[in-house]
Structure formats: C-alpha cells, structure tokens
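The structure under discussion appears below in the form of structure tokens.
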Amino acid sequence: MKMHCRSIRPVLSALGGAFLLAFLTAAPVHPQSNRERRFAARVSPDQLQRVVRQLVHFGNRLGGTGSGDRSAASVQRALRSFGLKTTVEEDDALPVYTIDDWSLTVQEPRRLRGLIQYAALAGFSPTTPVHSARLVLLPSADDVGSVRVDSQAVLFDGEVTESLCSDLANAGARALVAYRTLPSAAYTQGAMITMLPARTDNPLPVFDISNTAGERLRKELGAHTPVRIRFSAHTRFATGRPRTVIGTVRGTSGREMIVCAHGDADSGGPGADDNASGVAAVLELARTLGGMVNRRELPRPAVTIRFVVWGSEIHSTRSYIRRHADEMDSLVGVINFDEVGYGKTRNCLYAEGNDVEVNRDLLTTFQQVFEAYAGKPGFWKEATTNPSQGGTDSYVFQGREMRRLGVHAEEMPSITVFTDAWNTVRSLPQTRGWRSPVWHGHPDSVAIDYSPYYHSTLDIPRLTTDKEPSNMLWAVKATGCVLLRTAWAAPTER
Ligand SMILES: [Zn+2]
C-alpha cells in the first residue's frame, strides 16, 4: 500500500454492471463443498514462505530496475511451471533509481560508532562523495531559518518533504538524517524508508535511521555532545519500463477476472510483507487452482482468470488499463492482495471496500466464506470486510479512476484482501449492514491492524511472513473459496 498515494474516494455507482453483478452474485450460503476442502488442503504455508524469501533475495524489485526484471522473470518461470500460459508486458516508462553503494556512520563520539543499524538511503538521493560533517538538530521543519546548518548534517524527527530538503540545501546543509517516532511500535529497530521526488536533481542525500538511533542522537545533541557523522552515496538514475507478468487459466466464456498483487517493494526496502506476501498469494492460487484444472480435478472456470503481478504499484495497473482499454468491458472483477503476511496486534483477515456499492456481491461472498470457515483448523479465527482505504491497485479499476485514464467501462467489483496496512492501527467506522459475526472487536468499527515494519528496512521474512505464515495461508484459502463460488459458478444469462 502506498502511504502518500493521493486518496481515492470510493465511487458509489448504481449505474451499469447488472450483468457483471449477475456474473459474480453469490450463490445462497454454500455448505463447505468438497471442492473447497480439496483446494484448501493443497495450499502450502511452506511454499508461500519460500516464495517470499526468494523474492526478497532479488532486492527491492522496483519496476524498471534490474532487480524488478529479475523478480518478474522468476514470477514468470513459476507461473509457467504451474502449467499456465504466461506473458510479460512492458509498462509505460518511469524514472527509476539504483543504489550502488552508500554509507552512514557516527565518527565521534567513538562510543556511538555502532549506533546506526538497519538504516537506509532514501530513494532518488543524489550521489555524494564520502563526506564528514557535524550533526545538528532541527527541532521542527519551521526552524530551518533559526538553526545554523551550513556545511552540517541535520538530524530531524518527522516527515521529509520536498520543501524541507530544498530549504536545508539552500541553507548549506550537506545531508539530512531522518527518523520517525510514532505512537505505535513502528521503527524502533528498522528505519522508515523515505522516497524523494522521482528526479535526478534532488539537492541532498537523505539517510533514514531507526527511532532508537534517532532519539539517542537527539539526546546526545541535547546534552551538547559534539557528534560527527561520515556518509556517502552512489546512485544511478534512468528511465525504465516495469514488467508486468500475467498467467492465464482460460475459462469457458469471454469474461475475465484479475487476481493480482504489486510485485515491487514500493518503499525500496525488502518488502517481505509489502508485498512479496501478496505475490506469493497470487502464485499459490495459480499453483493450486491452475494445477487442479490441469489435472482435471476441477472443470475449466466459467470466467478466465488472469493472475497478474504488477511491475510497479499503481503505475503498472494504469498502464495495463490503458493498454487493454478495449477488453475492460469483459472484466467482471478484480481481487488484489496487498500485505497479507503479517499484523502486529491481531490475527484478522480483511477485505475492502464495503462502502462501494458495486463491490457488494463479491464482498458478500467473501463474508460468507469468512463465516463458513472461521475457527476451523487451518483457517482464520477473525475476519471482516471494511470500508475503502485507497492507496493500492484495486482502486485503479474503479470507474472514476478508469475514466480519468480515458477508459469507459462498466463498473465492476474491485477489492483488496490484506492482514495489515500502514504503520499504526487505524480505526474505521464499519459500513452499515456489514457487521461481521466473526469480527471480535467493537461491532461498529474496524481496527485495521498494522505492521511496525511497514516500508522499513526490517520488512524481512524473519520478522513478518516467517513469524505469521498463517496470514498468507488464510488470504489464499479465503480467496480460492470465493473464486470457486464465483469464477467457477455457471454464468447467469442476461
Ligand atoms: Zn503495498
């Protein structure tokens, strides 16, 4: 999920979609069918964890970079090995950066030399030769004029903005060392990774550190300890074309569904939960359901299913819609995974957004599956639908967003499945009529679980997906059961 993505308001539309809705309308409450049980038994937590580790091994997987290309190639190999027909599509070009090398250490006082760990260089930081500078504290963004920063490095707790960087650079600062303290347990060890504007002339390098290290340095500076740091950065900029990988299980009609996840760690970090977990979920559904079709344990679905891994979150989705504008009318639904690998405070499976009318039938099917299996061995204990939060690929398929891209297609359900989002718990008022009997919190609100490693240097398998592999397992099982009740259901005639 993208924290700073323009917020996308849900589009409430009663227009159109009657046929599409009929297509995805939930059957009356299913008993848990043998087909669903057979599918669920095939979902492998080991396989899911293995895929996440492999993906993280490729680096940040940013679309249009070597890391992104290697990751896309491995996703294609995996889909092919499951017997799916695959294609790789190049998306529109975008500016990309590659970090070859960087360093940040405390030089003085010597006792703090090992202080900075799990730090990061912000995306699109400029190349900076090895440099040594005194560290000064900037108490707030409004203090740029009142603190002497000329030839110094600046320590700052807060959000790094473009204007802060340019004000500091104009005042002669050489580097910004940033951290974020939040009321949640986020970033005590790892650093929240900053992304500077996507251009080649950002005025100074930004180094992100943990708030433990940040608070320690702040304390030392407050006690007038002279602190010197040494830093460097070697980066490259280019334009690149993200590669989006598509694996297809062909259906018996001309209708299509997309089951997708963004393949990049959009923060530029390791991105195990955000979003190698989502990619692993897509691949596991392709492996299990695709395999069952190939072995004729399942008939062909009524709807063609496209398993899609986007090269670059939101950017690739927009490219895809423009490229496939003529086919958008045959698309009857989108199920997106974004962060299905962890959750700090509860073990809940979520699907959003239930405040969008056109999502009603698909999310009703999710809710029925949530209730049918809650508490059964190998399934979730807690699950709910929730209102829209925006900031992920499913929202690009909303009618208004598509029209913004010049594409006029029927409204269709487009939802996101997840187990955590953002870096602190968010409480949302539940949409009327969507109380989940298997939600254990306050009945009229939904607490969205979070990850303390969101967009951080420590969003790594050991701390997220390997710790709670059941999260991915649940997302795959719930979505697979929903697909069996929708894409495999007999199409309704108009
Ligand atoms: Zn994400």
Condition check for Glu159: closer than 28 Å to Arg462 by Cα, charged (D, E, K, R) and not in a helix (DSSP H, G or I): yes
Count - residues of the stretch 387-411 that are closer than 23 Å to His442 by Cα and within 16 Å of the ligand (Cβ to nearest atom): 3
Being in contact with a Ser or Thr (Cβ under 8 Å, 6 or more places away or on another chain) and either modelled with pLDDT under 95 or under 9 Å from Ser125 (Cα atoms) (or both) is the filter here; which residues of the stretch 191-206 pass it? Met195, Leu196, Asn202, Pro203, Leu204, Pro205, Val206
Can you find a residue that is modelled with pLDDT under 95, closer than 20 Å to Gly214 by Cβ, in the same structural domain as Ala223 (by TED's automatic domain parsing) and crowded, with 19+ Cβ neighbours inside 10 Å anywhere in the stretch 148-162? no
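Here's the yes/no breakdown for (1) at pLDDT 95 or above; (2) surrounded by fewer than 19 Cβ atoms within 10 Å (Cβ to Cβ); (3) of a type in the set (Val, Ile, Thr):
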position: Val396; (1), (2), (3): yes, no, yes
position: Val446; (1), (2), (3): yes, no, yes
position: Asn471; (1), (2), (3): yes, no, no
position: Arg485; (1), (2), (3): yes, no, no
position: Thr492; (1), (2), (3): no, yes, yes
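Quick check on the stretch 284-299. Is at least one of its residues over 26 Å from Leu196 (Cβ atoms) and within 16 Å of the ligand (Cβ to nearest atom)? Step through it out loud before you land on a result.
Restricting attention to the stretch 284-299, the residues satisfying the condition of being over 26 Å from Leu196 (Cβ atoms) are 284-299.
The next check asks that each one be within 16 Å of the ligand (Cβ to nearest atom); those that pass are none.
Checked the stretch 284-299: no residue is over 26 Å from Leu196 (Cβ atoms) and within 16 Å of the ligand (Cβ to nearest atom).
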If we scan the stretch 241-251, do we find a residue that is more than 16 Å from the ligand (Cβ to nearest atom), over 25 Å from Phe397 (Cα atoms) and either under 22 Å from the mean Cα position of the chain (by Cα) or outside any loop (DSSP other than H, G, I, E, B) (or both)? no
Among residues of the stretch 330-365 being within 16 Å of the ligand (Cβ to nearest atom) and part of a strand (DSSP E or B), the residue farthest from the chain's Cα centre (by Cα) is Val334
Could you grab me the full set of residues in the stretch 448-469 that are touching a residue at least 24 places away in the same chain (Cβ under 8 Å) and surrounded by fewer than 18 Cβ atoms within 10 Å (Cβ to Cβ)? Asp466, Lys467
When Arg318 is evaluated against the numbered criteria (1) of a type outside the set (S, T, N, Q); (2) surrounded by fewer than 24 Cβ atoms within 10 Å (Cβ to Cβ); (3) more than 16 Å from the ligand (Cβ to nearest atom); (4) touching a residue at least 40 places away in the same chain (Cβ under 8 Å), which criterion, by number, is the only one it fails? (3)
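The values are calculated or read from the model by the stated rules, or taken from the named source; none is laboratory data. Since the structure is predicted, the reported quantities are computational estimates derived from the model, not experimental observations. As a convention, Cβ positions derive from the backbone with ideal geometry for all residues, glycine included, and neighbour counts pool all protein chains shown.
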